[in-house]
Each structure stands twice: as C-alpha cells, then as structure tokens.
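Have a look at the structure below before the remarks.
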Amino acid sequence: MLTALEKADVLTAALPYIQAFAGKTIVIKYGGHAMVNPELEKLVLKDIILMKLVGMNPVIVHGGGPIIDQWLQKVNIQPRFVNGLRVTDEATMEMVEMVLAGKINKGIVNLINQFGGRAAGLCGKDGGLILARKKQNAKLDLGLVGEVVTIDPGIIHCLIREGYIPVIAPIGVNGQGETLNINADYVAGALGGALKAHKLILLTDVEGIYLGEEDGQKQLASRLNAQEIPQLIHKGVIRGGMIPKVESCLAALEKGVENVHVVDGRKAHSLLLEIFTNEGIGTMVVKS
C-alpha cells in the first residue's frame, strides 16, 4: 500500500500532464476484453471520468464484436469476417444496430452515470453525425458494411460544452437513408480528425503493434512511422483485425490528430499510464 506521502508524489507527478492536456479532446476507441470483463470495464470508465474531471474532453467510440456475435448466434446467424470487417446482410445489420446502438451504447452510458460522470449516447444517425457509403471489396460483397464519407461533429461539440462525455456507436447512414455498419476503429480515426483531437487512443486485446517474431518472441513496436504501415500490411506482418486499427491511425494522422496510440486495454489503468506518464505503453504511431 502507498503511504499518504507516496500518493501525494503520484498526484504531483501527474500535474504537468494535467496542465498540458487541459481542454484537449481525446478520442478513445473502446472495445475488446475491456468491454466484456466487468472489473476492467469499471476501471476504464472510471479512468475516463477522471480525465473529464481534470479538464480533458474524452470522447468514446465503442465496438462490441464479441457481444454482437453472441446475439447473432442466438438467432442462428453465423458471423463472417474479411480482413477484420464483419460481412453484414440485412438480418445481421438489424441485429448489429439493436445491439450496438441499444444494449451496448446505453449500457456504457448508464455505467458512466452510475460512477458519477455525465454521459450521453449517440450513433451516427443522431444529428447527421456520420454520413457513410458502402465499402467496396474487390473479392467479396461485404453487404451493408460502410465507410465514413463525412463527419459533422456539431452535436459532439454541444455535448462537450455542456459537460457530457459523448459515447458513440459506429452506425452510419448513406445518402439514401440506408443504415450501414462501420468498423469502430475507422469511425474513431475519422472522428478524431473531425474534432481535431489531440490524441486518438485505441484500446486493444494485444500489447500494441507487433513486427513479427524473433527467437520465438513477438516484437512489439514502441514507435512506428506511418510510412512503414502499408508495406507491413502488404507483407502480412500486420493482418486481420489489426488492419482496421492501423488504417484508422493513418487516417487520423492525415487529418491532423497529433498523437495516435495503440495500447493494451487488458491492463489495468492503461489509459492513465498512456496519458499521465512519460514512458507510456503500447505503440505510438507517428506521421514521420
């Protein structure tokens, strides 16, 4: 246990970071194990409330793949994925929207409010937040899978000004009013750019971005140049569900987000370690 003096030292050490990030927008992509483990979920959401209380503007974009899979299986729909993207027919889209924008989104909002924060839940349909179009794939029709065309962050700015933590489900709509399922990593990257966020933090179920193995050990990149990423994808070093994450990093950096981090959401207080310490954890992706 820390003594009172040691606790005071910890708080004092955090002061420069609190001062540096006061008033800054931090977009957090929340998903993976941190969503399905109740104890981790509690820690993550309390950390986000703390960020708000010390003057930052956290914005949450959540996924929910494992929870969606559970509900799809209840109605005998077998989940299918291509490069980390869910193949989405009409029946799947209906279930995805109900689970993402309903059960998961409002569950997160409720917990934040229960823990003493103030949260408001949205999806891309609210306030014209996310205009999308169908994502094209040369090898397979992905169905009602979308990609972001534009973000109108007006409703997010309103919520931030009123002291709320926005919680966003990655559902968009196209020009014909058709509902589209968008990967949460892509939404987080696009939203970070639209908000001119200071940081984008992707919580994952791995330590960060790996660069292959050496002597049987996975090699974690603590810092990665954005220009290296397309070649790493081409070589298959970055693959599967990590592809949307690194592509969202690239999009965010291109649109002006200053710092992008891929961190392990399975570790307690990983958000605070990334924000309030000089060492940080995981992988930082830089533009050059």
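Please treat every number below as a calculation from the coordinates, not as lab data. Predicted model only: the values in this text are computed from it and were never measured. Quick reminder, even Gly has a Cβ in these numbers, built from the backbone with ideal geometry, and neighbours come from all protein chains shown.
Observations on the structure shown:
- Relative compactness, segment 115-233, computed as alpha-carbon Rg over 2.2 N^0.38 Å: 1.29
- Segment 56-181: Rg to Rh, with Rh as the Kirkwood radius over Cα pairs: 0.99
- Linear extension gain, H269 paired with H157, 0.36 nm per residue minus alpha-carbon span: 37.7 nm
- Sequence-distant lysines (8 or more away, or on other chains) whose Cα lies within less than 23 Å of K74: K103, K106
- Of the residues G116, G163, G107, the one that moves most in a GNM of the chain with alpha-carbon contacts below 10 Å is G116.
- Largest to smallest principal axis extent of the C-alpha atoms in segment 1-126, angstrom: 57, 34, 30
- In segment 185-222, trypsin sites (Lys or Arg not before Pro) in a DSSP loop with at most 14 other beta-carbon atoms within 10 Å: K196
- Net charge of Cβ neighbours under 11 Å - reference E207; Lys, Arg +1; Asp, Glu -1: +1
- The Rg/Rh ratio of segment 181-276, with both radii computed over alpha carbons and Rh defined as the Kirkwood radius, is 0.96.
- Qualifying aspartates and glutamates (Cα of each under 20 Å from Cα of K235; at least 8 residues distant if same chain): E213, E214, D215, E247
- Of all beta bridges that DSSP places with both ends in the chain, some 35 percent have antiparallel geometry.
- Among the GluC sites (Glu not before Pro) within segment 86-134, not one is in coil by DSSP while having at most 11 neighbouring Cβ atoms inside 10 Å.
- Computed over the chain, the ratio Rg/Rh where both radii use C-alpha atoms and Rh is Kirkwood: 0.96
- Net length gained if the chain between K103 and Q78 were fully extended (0.36 nm per residue, minus Cα distance): 7.0 nm
- Helical content of the chain, expressed as a calculated mean residue ellipticity at 222 nm, amounts to -11500 deg cm²/dmol (DSSP H runs of 4 or more residues, -39,500 (n - 2.57) each, divided by residue number, nearest 500).
- Check: the chain dipole with +1 on Lys, Arg Cβ and -1 on Asp, Glu Cβ, in debye: 400 debye
- Neighbours of N174, meaning other residues whose beta-carbon lies under 12 angstrom from its beta-carbon, give a summed charge of +2 when Lys and Arg score +1 and Asp and Glu score -1.
- With the simple spin-label model, which puts each label point 7 Å out from Cα in the Cβ direction, the E213 to R118 separation comes to 5.1 nm.
- In loop segments of segment 131-193 as defined by DSSP, the GluC sites (Glu not before Pro) with at most 13 further C-beta atoms inside 10 Å of their C-beta are E162.
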